[in-house]
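Written out below as structure tokens is the structure these notes cover.
The values are calculated or read from the model by the stated rules, or taken from the named source; none is laboratory data. Computed from a predicted structure; not experimentally measured. Virtual Cβ from ideal backbone geometry, glycine too; neighbours counted across all protein chains shown.
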Amino acid sequence: MSVPLRLSRGQAKARTRNRLLAAAAEVFAEQGFAGASVDEIASRAGHTVGALYSHFTGKDELFLTLFDEHAAHRLDGVEEIASQWEEDQTVFVALGEYLAEIADQHTVWSTLEMEFLRYALTRPELLDRLAARWWAPRTAVARLVAPHCAAHDPVAVSTAIIGLFEGLVTQRRVDRAAVPSELFAEALRWLTAGLAHSSGPAAANTPQPPRPACRETGRKRTRRTS
């Protein structure tokens, strides 16, 4: 009779955390961000609500952690393809197919992202945290395109590419026939061709994210009198 291996404290904590994240992903997908509750997530993971709060501050942090994982997975795919960038630009075809795949297969998560964005727009502190996370893929894509940006700011180019991708993804989900995978590739070709024939400000060597700024809440401060 084999004796079950005893997990170390660190291993046990990691397993609990992973179970909570997996449960959160399921509950968010089934009920949406607003409809999900920490009680349901903890129960689905087989843990108490107290265990959940010992690893995460609540639903917001659970979602943002899942956001990081999804963003990292997508970026890994883009980096793998972009590493094969050649003069004949055949990489654009592969990128177009990959982006079309994301558009077609990640609809549930994208819907959750839009719901969370609406939620964050009314919470300035949370919006700053979300903006910081958006900066990570922006700078990563900027590093990939920097050698091909001529005199243009790679961060600005990266922002344009991501915005272009997100817009085409939305249109493809509504009308797939209007946005074939080839259109993603063509759009990237048009963008890079335009960069090669236009001038721009000198590119920064190492793009850095701006420090989060305090956002106005609309409340007026009143002077206290003794």
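Remarks
- A single member of Gly32, Gly10 is part of a helix (DSSP H, G or I) and at positive phi, and it is Gly32.
- In region 51-82, the residues that are of a type in the set (A, V, I, L, M), modelled with pLDDT of 90 or more and closer than 30 Å to Ala187 by Cβ: Leu64, Leu66
- Matching entry among Glu166, Glu115 (being at pLDDT 90 or above and either touching a helix residue (DSSP H, G or I) at 6+ places or on another chain (Cβ under 7 Å) or in a helix (DSSP H, G or I) (or both)): Glu115
Residue by residue, here is whether (1) more than 20 Å from Ala187 (Cα to Cα); (2) buried (at least 17 other Cβ atoms within 10 Å of the Cβ) holds:
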residue	(1), (2)
Gln84	no, no
Asp104	no, no
Glu115	yes, no
Glu125	yes, no
Leu130	yes, yes
His148	no, no
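- Of the listed requirements (1) at pLDDT below 85; (2) farther than 25 Å from Val108 by Cα, Glu186 misses just one: (1).
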